[in-house]
Every structure is written in structure tokens, then in C-alpha cells.
Amino acid sequence: MFVAGKLFWIVAQPLTLALVCKVFAILALVFGRRRLAGLLSLLAGTILFVVLFTSLGAWSLQALEARHSRPGLTSPPACMIVLGGAFDLEVTAGRGGMEMNQAADRYIEAARLARLYTEATIIVSGGDGSFSGDYKGDADLSPAFFAAMGVDPSRILRETASRNTAENVGETRRLLEANHLSDCLLITSAYHMPRAKALFDRAGVQTRAWPSDYRSSGRVRLRFDFTQPSLNAQLASTAAREWAAILAARLTGRLPGL
């Protein structure tokens, strides 16, 4: 499933999909299928316009981010599960240090909570999710980050084998059982939380959702937006990937209730 998902996304991401449509339009012209070529060109142009010049991406992410809010903590959590995806593995390997991407707030929030709840165990779930498998994953890189934030790295349990969300769940469950841990906060990006929380629930791992890394303001309306095409494209790609993953989980029966 990991390789299939990677290969599917290479073609299915919005800008690549527009390019594929245009390539097939050119081939249709070569073989004299002018009507088909016109339809494919129109489809490619529509995808580009919607992705670059509307707020569809932010609006779609906002719908996911609204599903869970941070609960009031009436008692200290016994543990915190932080899902990987915040380190730029390739840049970190090439440059050294701790280079992070837009999802860095997952770790910033976890460090903040770790300083408040000093007895809580921190579980970092995430290996190398690249095709090559040549990099250190989030779980291997995270102790240095937490140490820099003033959190004792000895509190960290590292799950280094997982490459995607489904594997996060299975590997983390084994780690929780081996260490007799429960009552965990689940920390991940807000748009990713509905799928992640549902997968943990499905596996019988009860968690309290603690979303972070919001990508929308919460007040986004579906409209034209000609001011920030590159950001619109990035948000649309993120939204398309998450919604596609949710659909795949539904179709394969892994999340019948989501």
C-alpha cells in the first residue's frame, strides 16, 4: 500500500494531473481526435485555474480542520503521540541540523506540552517515508529537537518503522502495549487529525485529539483569489492528498465510519 500510494500521488496531484491531461490532448491531436483534444485541454485549463486562482484548497482543508478541537485537560496526560512528517529529511541529511517543514508546529506544540506535563511520556511515530529509505526519520531526529527545547530526551519512545499514517497506528499500538501506556494525546496537523484519529480508534487505541499546524483561518469562503497562486496551489495539493487518502481508506474498508 505504501508504494502504491506514492505512485498514485505522483500522477494524481492537481498540477501533475493538469499536465497529464495536456499531454493526452496533444496525443489526441496527433491522432486526429480534435474533439477529444479540446475536451482534455479544457479540463487541464480548468484544473489549473481552480488550483491557482481560487480558495478551494484552503476551504477544503478548513472542512477537515473543523472536525476536532483541543479538549480541556482536566488531568495530566500519561503520554503524547506525535506523528511524524515535520522534518525535511532530505535537507536535514544534506545540511545537518534540524531542518523542518510547515508541519513543525506538531513538535513545537508537543514540546510546549512536555514542559507543562513533566511526567508524560512522548512517543514519536515516524520513520523514513521516502522511496529510497536512505534518510533518518522523524523519530530518529526528534531527540535533538526536544533536547534543544529543554525536554529530557529520555522521556521519548521512538517508533522508527512506520512510513505512513496506517503504519503509524500499527507500530504505535505495539509500542503502547509493550510499555503499558494509555490515555494519550494525539498530536498531528489539524487537517490530518480526522483520518489519524479514526484510524487509531479503529485499531482500539483511544486517544484525545490535540490538533496543531492549522493551514486555514477558519473563516475561508469559496471564492476567486488572484493574489497568491503559489500558496493556493500548495494548499490545494495538500487538501487533495488528504481527501484522496480518506477516500482510499473508505473504499478499502479501513474507515467505514469516517
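Could you tell me which of the residues Ser142, Ser217, Ser182, Ser162 is within 27 Å of Ser75 (Cα to Cα), of a type in the set (S, T, N, Q) and in a loop (DSSP other than H, G, I, E, B)?
Values: Ser142 fails: in a loop (DSSP other than H, G, I, E, B); Ser217 fails: within 27 Å of Ser75 (Cα to Cα); Ser162 fails: within 27 Å of Ser75 (Cα to Cα).
From the options Ser142, Ser217, Ser182, Ser162, the qualifying one is Ser182.
Of everything in the range 103-154 that is exposed (fewer than 14 other Cβ atoms within 10 Å of the Cβ) and of a type in the set (S, T, N, Q), the residue that is farthest from Pro211 (Cα to Cα) is Ser132. Could you tell me whether any residue of the range 227-249 is in contact with a strand residue (DSSP E or B) (Cβ under 7 Å, 6 or more places away or on another chain), part of a helix (DSSP H, G or I), under 27 Å from Gly97 (Cβ atoms) and without any contact (Cβ under 8 Å) to a residue 24 or more places away in the chain? Among the residues of the range 227-249, not one is in contact with a strand residue (DSSP E or B) (Cβ under 7 Å, 6 or more places away or on another chain), part of a helix (DSSP H, G or I), under 27 Å from Gly97 (Cβ atoms) and without any contact (Cβ under 8 Å) to a residue 24 or more places away in the chain, which makes the answer no. The single condition from (1) crowded, with 19+ Cβ neighbours inside 10 Å; (2) at pLDDT below 95 that Cys79 fails is (2). Of all residues in the range 25-58, those satisfying the criterion of being buried (at least 18 other Cβ atoms within 10 Å of the Cβ) and assigned to a helix (DSSP H, G or I) are Ala25, Ala28, Ala37, Leu40, Ala44, Ile47, Leu48, Val51, Leu52, Leu56, Gly57, Ala58.
Residues that are more than 17 Å from Cys79 (Cα to Cα), in contact with a strand residue (DSSP E or B) (Cβ under 7 Å, 6 or more places away or on another chain) and not in a helix (DSSP H, G or I) within the range 185-214 comprise Ser189, Ala190, Asp213, listed in sequence order. Scan (1) farther than 17 Å from Ile123 by Cα; (2) within 19 Å of the chain's Cα centre (by Cα); (3) surrounded by fewer than 20 Cβ atoms within 10 Å (Cβ to Cβ) for the single condition Arg208 breaks and write down its number. Evaluating Arg208 over (1) farther than 17 Å from Ile123 by Cα; (2) within 19 Å of the chain's Cα centre (by Cα); (3) surrounded by fewer than 20 Cβ atoms within 10 Å (Cβ to Cβ) leaves (1) as the failure. Scan the range 197-224 for residues that are touching a residue at least 40 places away in the same chain (Cβ under 8 Å) and more than 20 Å from Ala66 (Cβ to Cβ) and the total you get is 2. Could you give every pair whose Cβ atoms fall below 8 Å, whose first residue belongs to the range 30-53 and is touching a residue at least 60 places away in the same chain (Cβ under 8 Å), and whose second residue is assigned to a helix (DSSP H, G or I) and among the aliphatic types (A, V, I, L, M), counting only separations of at least 6 or pairs across chains? These pairs meet every condition: Val50/Leu56; Val50/Ala236; Val51/Leu15; Val51/Ala18; Val51/Ala233; Val51/Ala236; Leu52/Ala233.
The values are calculated or read from the model by the stated rules, or taken from the named source; none is laboratory data. Quick caveat: nothing in here was measured; it's all calculated off a predicted structure. Because the Cβ atoms are built from the backbone with ideal geometry, glycine has one as well, and the counts that use them run over all protein chains shown.
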